[in-house]
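Peer 1: Can you read through this structure? Questions will come right after.
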Amino acid sequence: MPTSPLPQVAPPAGAPAPAPARPGGAEPVGERPGAQLTAVWDGAVRVHGQRLFLVFGNSADEANEWTFAQFDMLTGLTARRMAERGVRPGSTVRAALFNSPELLLCWLAAARLGARFELIDPNALTPEPAVPGALIVAGRGPGRPGAAAYPGANVLEVNEDFAGMLAGSPLFGAQELTSAQAARLTGAAGPSPAPTASGAPVPPSTPVPASAPGRRWLLSKPLWKSAGLEDCLVPAIAAGRATALAALFDPARTAQQAALLGADRVHLTALAAQRIIAEAPAPDPGAGVALVWVRDAICAREQAELARIFALPVDRVLSGPPAAAPPAAPAAD
């Protein structure tokens, strides 16, 4: 797998320049974990705070949205909650989560705290090897083992859906959002630092339809086994663009998911592409997909099949890792 493209992504104006990368590795010399991601994120919030950051679609085809500034405030709350659970610079945060806004909050909050972030299999029936002192964030709900899968570990259970972004979420702590017990953070909001006192207000609103598309990537393959964070989210953050995240990968409805969430670009792995081809959905030119990128190499037949399914010219189906397919990078296309 290619190394993270983070060192090659220029932070927005005003963000600190990243430290030089260590030869042969993704970690910069003398820099704590997450420092580059935090620099890119903080710069994007300063410059693009009012812009849409994330559109999330759940399994019931309901969509919700957050701006950069709104998500930054929730990241601050999540970081404080993690710190209360013992996360410090150099700690490890392991997320056993499916695609959800909470997964992204944990990713950004761990970086803000200088902690290492790892995605682990949320389907695992046996616990992953223990990491001393690690905080495990696990999904809970029907069919999910939650904390029971990690006996004796420091586990924080979350919902993996819109409920995880409500007042009283396990990621925030009930005492911090008591003035907005039923509020969702959606719609417009200006830049706001993380609250430092209990009872900090959160602007209430309701779910809204996905905004109009425009160079927005759809990520539907489970992030824990794809490179969507590095391939698409980091460059999109640096460019101040929104990302569409689907809770579930549905091979027969990927084009429809893109339309629902206002995405005009689709990020796939080779395995995901093969599953879409096997489902053989009817072409949907009305979905508005303008580009498909398969980050692994695929054959010419598979490229042609994807072009047919997404109603695209063959040259708009690209394959290969970032270094082999620069036109597919969100920051450049």
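Peer 1: Quick one: which of A83, A110 is touching a Leu at 6+ places or on another chain (Cβ under 7 Å) and either open to solvent by less than 20 Å² (accessible area, probe 1.4 Å) or under 17 Å from G173 (Cα atoms) (or both)?
Peer 2: A83
Peer 1: Is it true that E118 is surrounded by fewer than 23 Cβ atoms within 10 Å (Cβ to Cβ) and either under 26 Å from L233 (Cα atoms) or touching a residue at least 12 places away in the same chain (Cβ under 8 Å) (or both)?
Peer 2: It is true that E118 is surrounded by fewer than 23 Cβ atoms within 10 Å (Cβ to Cβ) and either under 26 Å from L233 (Cα atoms) or touching a residue at least 12 places away in the same chain (Cβ under 8 Å) (or both).
Peer 1: Looking at the structure I just gave you, is A278 closer than 21 Å to F53 by Cα, part of a helix (DSSP H, G or I) and open to solvent by 20 Å² or more (accessible area, probe 1.4 Å)?
Peer 2: In short, no.
Peer 1: Also, quick follow-up: Suppose the filter is in contact with a strand residue (DSSP E or B) (Cβ under 9 Å, 6 or more places away or on another chain), of a type in the set (D, E, K, R), under 22 Å from L105 (Cβ atoms) and surrounded by fewer than 22 Cβ atoms within 10 Å (Cβ to Cβ); does K225 pass it?
Peer 2: Answer is yes for this residue.
Peer 1: Let me ask something additional. Give just the number: which of (1) under 21 Å from G57 (Cα atoms); (2) in a helix (DSSP H, G or I) does W293 not satisfy?
Peer 2: With respect to (1) under 21 Å from G57 (Cα atoms); (2) in a helix (DSSP H, G or I), W293 is out only on (2).
Peer 1: I'm told G152 meets every condition in (1) touching a strand residue (DSSP E or B) at 6+ places or on another chain (Cβ under 8 Å); (2) surrounded by fewer than 22 Cβ atoms within 10 Å (Cβ to Cβ) except one. Can you identify the failing condition by its number?
Peer 2: (1)
The values are calculated or read from the model by the stated rules, or taken from the named source; none is laboratory data. Predicted, not measured: the structure shown is a model, and the values here were computed from it. Heads up, the Cβs are rebuilt from the backbone with ideal geometry, glycines too, and the neighbour counts pull from every protein chain shown. In case anyone asks, the SASA skips ligands and DNA or RNA and just uses the protein heavy atoms, side chains included. Shrake-Rupley method; radii C 1.70, N 1.55, O 1.52, S 1.80 Å.
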